[in-house]
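Notes for the one structure printed next.
The values are calculated or read from the model by the stated rules, or taken from the named source; none is laboratory data. A quick note: this is a predicted structure, and the numbers were derived from the prediction, not measured. For neighbour counting, all protein chains shown are included, and Cβ atoms are generated from backbone atoms with ideal geometry for every residue, glycine included. Heavy atoms of the whole protein, side chains included, go into the accessibility calculation; ligands, DNA and RNA do not. Shrake-Rupley method; radii C 1.70, N 1.55, O 1.52, S 1.80 Å.
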Amino acid sequence: MAHATLPDQPKLLWKFTVRDGALDSTAAIADGVAYIGDLDGKLYALDLVSGKEIWSQKFDAGFIAAPAVKSGFL
């Protein structure tokens, strides 16, 4: 559960483009990192402040649901 308030006029801070991929789920956010998985099987870890890619990894199957993070493990 997030404990925060939104500004009256939210502004876009950054954008991340998944090249040749598509997303069908939301991101998992933990410890300042946004984790997103695309339908082509690539999992990305993005810095929540800058939107820069920290790392990515390719898997055999695509992601149709959001990744899960617990106790620092994905």
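Some points to look at:
- Condition met for G62 (surrounded by 14 or more Cβ atoms within 10 Å (Cβ to Cβ), touching a Phe, Trp or Tyr at 6+ places or on another chain (Cβ under 9 Å), of a type in the set (G, A, S) and without any contact (Cβ under 8 Å) to a residue 40 or more places away in the chain): no
- Among the residues making up segment 22-38, those that are open to solvent by 40 Å² or more (accessible area, probe 1.4 Å) and at pLDDT 90 or above are A27, I29, D31.
- Summed over segment 2-21, the residues that are within 30 Å of K58 (Cβ to Cβ) and open to solvent by 100 Å² or more (accessible area, probe 1.4 Å) give a count of 6.
- Subset of segment 1-57 [basic (K, R) and more than 21 Å from K70 (Cα to Cα)]: K11, K15, R19, K52
- Residues in segment 53-67 that are touching a strand residue (DSSP E or B) at 6+ places or on another chain (Cβ under 6 Å) and closer than 17 Å to D24 by Cα: 4 in all.
- Top-ranked residue of segment 39-59 - restricted to ones that are touching a residue at least 12 places away in the same chain (Cβ under 8 Å) and of a type in the set (F, W, Y), ranked as least open to solvent (accessible area, probe 1.4 Å): Y44
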